[in-house]
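The values are calculated or read from the model by the stated rules, or taken from the named source; none is laboratory data. Because the structure is predicted, anything quoted here is derived from the model rather than measured. So basically every Cβ, Gly included, is an ideal-geometry build from the backbone, and we count neighbours across all protein chains shown.
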Amino acid sequence: MTDQLSATFAALADPTRRAILARLTQGEASVNELAAPFDISLPAVSRHLKVLESAGLISRSREAQVRPCKLEADALQRAHAWIEPYRRFWDASFERLDEYLAELQAQGPKPSSPASKPRTPKP
């Protein structure tokens, strides 16, 4: 058995499942509504939904004959919490790089050395 974070990332690894989640940001939808934009069978969509459900990314309820799917943000929040320190690390790294580049630009161009001048061929 995998941990919940691994299940979340495994579920997010598939572009069809990401598209399903994107659709669910607009509100609940039936399996048929979720399957409509894809050129895959209903059973294939159902398998994708089972993966999303087992990862805690969606929930399904029963209303008469329809089982609407709903986005569950908690699993995405756990993934975000895991990713956030890395985002802060890269933001800080880019800020340091920006500061360094600004410092170099403020110093102005360096005088060129003889080695950096283009060589002219000797006749």
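Within the stretch 43-61, track down each residue that is of a type in the set (D, E, K, R) and either in a helix (DSSP H, G or I) or modelled with pLDDT of 95 or more (or both).
Within the stretch 43-61, R47, K50, E53 meet the criteria.
Is it the case, given these coordinates, that L97 is surrounded by 10 or more Cβ atoms within 10 Å (Cβ to Cβ) and at pLDDT 95 or above?
No.
Do we have any residue at all in the stretch 31-42 that's within 19 Å of the chain's Cα centre (by Cα) and either part of a helix (DSSP H, G or I) or touching a residue at least 24 places away in the same chain (Cβ under 8 Å) (or both)?
No.
Considering only residues that are among the polar types (S, T, N, Q) and in a helix (DSSP H, G or I), which ones fall in the stretch 1-30?
Of everything in the stretch 1-30, those that are among the polar types (S, T, N, Q) and in a helix (DSSP H, G or I) turn out to be Q4, S6, T8, T16.
Which residues, counting only those in the stretch 1-30, are among the hydrophobic types (A, V, I, L, M, F, W, C) and touching a residue at least 24 places away in the same chain (Cβ under 8 Å)?
Passing the criteria: L5, A7, F9, A10, A11, L12, I20, L21, L24, A29.
Tally the residues that are surrounded by 12 or more Cβ atoms within 10 Å (Cβ to Cβ) and in contact with a strand residue (DSSP E or B) (Cβ under 8 Å, 6 or more places away or on another chain), restricting the search to the stretch 58-92.
9
Yes or no: the stretch 1-17 includes at least one residue that is crowded, with 16+ Cβ neighbours inside 10 Å, in contact with a strand residue (DSSP E or B) (Cβ under 6 Å, 6 or more places away or on another chain) and of a type in the set (D, E, K, R).
Among the residues of the stretch 1-17, not one is crowded, with 16+ Cβ neighbours inside 10 Å, in contact with a strand residue (DSSP E or B) (Cβ under 6 Å, 6 or more places away or on another chain) and of a type in the set (D, E, K, R), which makes the answer no.
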